[in-house]
Amino acid sequence: MTMSITELDDETVHNMSIGAVFSDFVGKISSIDFHRTKDLLVTASEDDSVRLYDIANATLLKTTYHKKHGADRICFTHHPSSVICSSRYKMDSNDESLRYLSMYDNRCLRYFKGHKERVVSLCMSPINDSFMSGSLDHSVRIWDLRVNACQGLLRLRGRPTVAYDQQGLVFAVAMEGGAIKLFDSRSYDKGPFDTFLVGGDTAEVCDIKFSNDGKSMLLTTTNNNIYVLDAYGGEKRCGFSLEPSPGTSIEATFTPDGQYVVSGSGDGTLHAWSINKRNEVACWNSHIGVSSCLKWAPRRAMFVAASTALTFWIPNYSKLNAESGAADVDAGV
């Protein structure tokens, strides 16, 4: 169904189109995540469902429902059938704000208590059993899958957003006023080793991603501005502004080669830009309204966009071959 990521170029990205649609959700999809090494995707939705997909064949493998806690933010652990999921309902420090779930037999393997309000950012370390959560209670908590108790706590201003780099050595925390703080994962208790400011934009950062090579950082703000920063010095490499989307945070994603950025927009379109050329490569109709979730598959020429439906986007080979096809027609073949 999908081609390898080494073949990405402007034409391939421009000719991406919808290859599969899943529209059986009741309510918005709030979070999606790809497994790092397996062809799997997991979604969490307002209908309290967690769904597991095979992305190589675009098939739904499993659905579990979580009526008591709901399903909000979600990410894979290293195991292909285990996920961490944040709760949507009942939130105080005595409630299970995070759950370690087995999709295989629909069991909760561990509860994690501590956050007093909704978790808005969640990410798993790529190298060990650590994971991080950022909450509207103005805290970032660091956890270990094997232990119930919180392993580390950072208190800060504003809505926190967290991300590990692809090597798991550094993590970034965004906070009020466009400040991005970088921490050494092994000695975060010593405080940040660097702080960047997104110049001139004081909107809160609602999403951070590192490129696979660790050289770039992608920020999405609550007013739908997107920035690509140099991950070492913090300089802005490029920036893009999108239509506002009141009540819905959009998400942007790097392609695995770090050459392109793809994002949703408040007018229901999707956009792709070349980072090096700083130009728009594609603009598509999402066909599903404003996309609240958007991620590119780690090892595939594929991205997934979601709102109240889930869409798989892949290269359209008929479009890619259209020029040679047109030549055949003109020749009377």
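Here, each number is a calculation from the coordinates, and none is a lab measurement. Quantities reported herein were computed from a predicted structural model and do not represent experimental measurements. Because the Cβ atoms are built from the backbone with ideal geometry, glycine has one as well, and the counts that use them run over all protein chains shown.
Determine the sum of side-chain charges near T311: Lys and Arg each +1, Asp and Glu each -1, restricted to other residues whose C-beta is under 15 angstrom from that of T311. Write down the numbers at each step before the final one.
Values: positive: K28, R51, K295, R300; negative: D24, E251.
Net charge in that neighbourhood comes out at +2.
In the chain, one over the average inverse separation of all distinct C-alpha pairs is 20.2 Å, which is the Kirkwood hydrodynamic radius.
Only the Cβ atoms of Lys and Arg (+1) and of Asp and Glu (-1) were treated as charged; on that basis the dipole of the range 39-155 about its Cα centre amounts to roughly 280 debye.
Summing Lys, Arg as +1 and Asp, Glu as -1, what charge do residues with Cβ under 12 Å from the Cβ of F25 carry, F25 excluded?
Numbers: positive: K28, R51; negative: D24, E46, D47, D48.
Here the charged neighbours net out to -2.
Within the same chain, aspartates and glutamates fewer than 8 places from K62 are excluded, and of the rest, those with a Cα less than 12 Å from its Cα are D54, D105. Measuring nothing but how far apart in sequence close Cα pairs (under 8 Å, 6+ apart) lie, relative to its length, the chain scores a relative contact order of 15 percent. Protection proxy ranking of 253-260, 81-88, 231-238, by the mean of other Cβ atoms within 10 Å over each peptide's residues and highest first, is 81-88, 253-260, 231-238.
For the peptides 274-286, 163-175, residues were scored by their other Cβ atoms within 10 Å and the scores averaged per peptide; the highest-first order is 163-175, 274-286. Quick query: amide H of I55 versus all other amide H atoms, modeled in the peptide plane; which residues come in under 5 Å with a sequence gap of 5 or more or a different chain? Here the answer is L40, L41, since their amide H atoms fall under 5 Å of that of I55. The percentage of C-alpha pairs in the range 39-155 whose separation is greater than 20 Å is 36%. Placing a label point 7 Å from the Cα of E243 along the Cα-to-Cβ line, the residues of the range 250-276 whose backbone N sits under 11 Å from it are 265-270. Does the range 192-274 come out rounded, prolate or oblate by the C-alpha gyration tensor, with a ≥ b ≥ c the root eigenvalues, rounded set by a/c under 1.5 and, if not, prolate when a/b is larger than b/c and oblate if not? Judged from the Cα gyration tensor, the range 192-274 comes out oblate (a/c at least 1.5, b/c at or above a/b).
The overall shape of the range 163-228 is oblate: from the C-alpha gyration tensor, with semi-axes ordered a ≥ b ≥ c, the ratio a/c is 1.5 or greater and a/b is no larger than b/c.
Over all pairs of distinct alpha carbons, what does the Kirkwood formula give as the hydrodynamic radius of the range 90-237, in Å?
Values: mean 1/r = 0.0635 Å⁻¹.
Radius from the Kirkwood sum: 15.7 Å.
At 0.36 nm per residue, minus the direct Cα-Cα distance, what do L109 and K62 gain on full extension? Give it in nm, one decimal, please. Numbers along the way, then the final one.
Details: separation 47, 0.36 × 47 = 16.92 nm, distance 1.77 nm.
Between L109 and K62, full extension yields an extra 15.1 nm.
Put simply, the amide H of N212, placed in the peptide plane, has neighbours under 5 Å in G258, leaving out anything fewer than 5 places away on its chain. Electrostatic bookkeeping for P256 treats Lys and Arg as +1 and Asp and Glu as -1; over the other residues with beta carbon under 9 Å from its beta carbon, the sum is +1.
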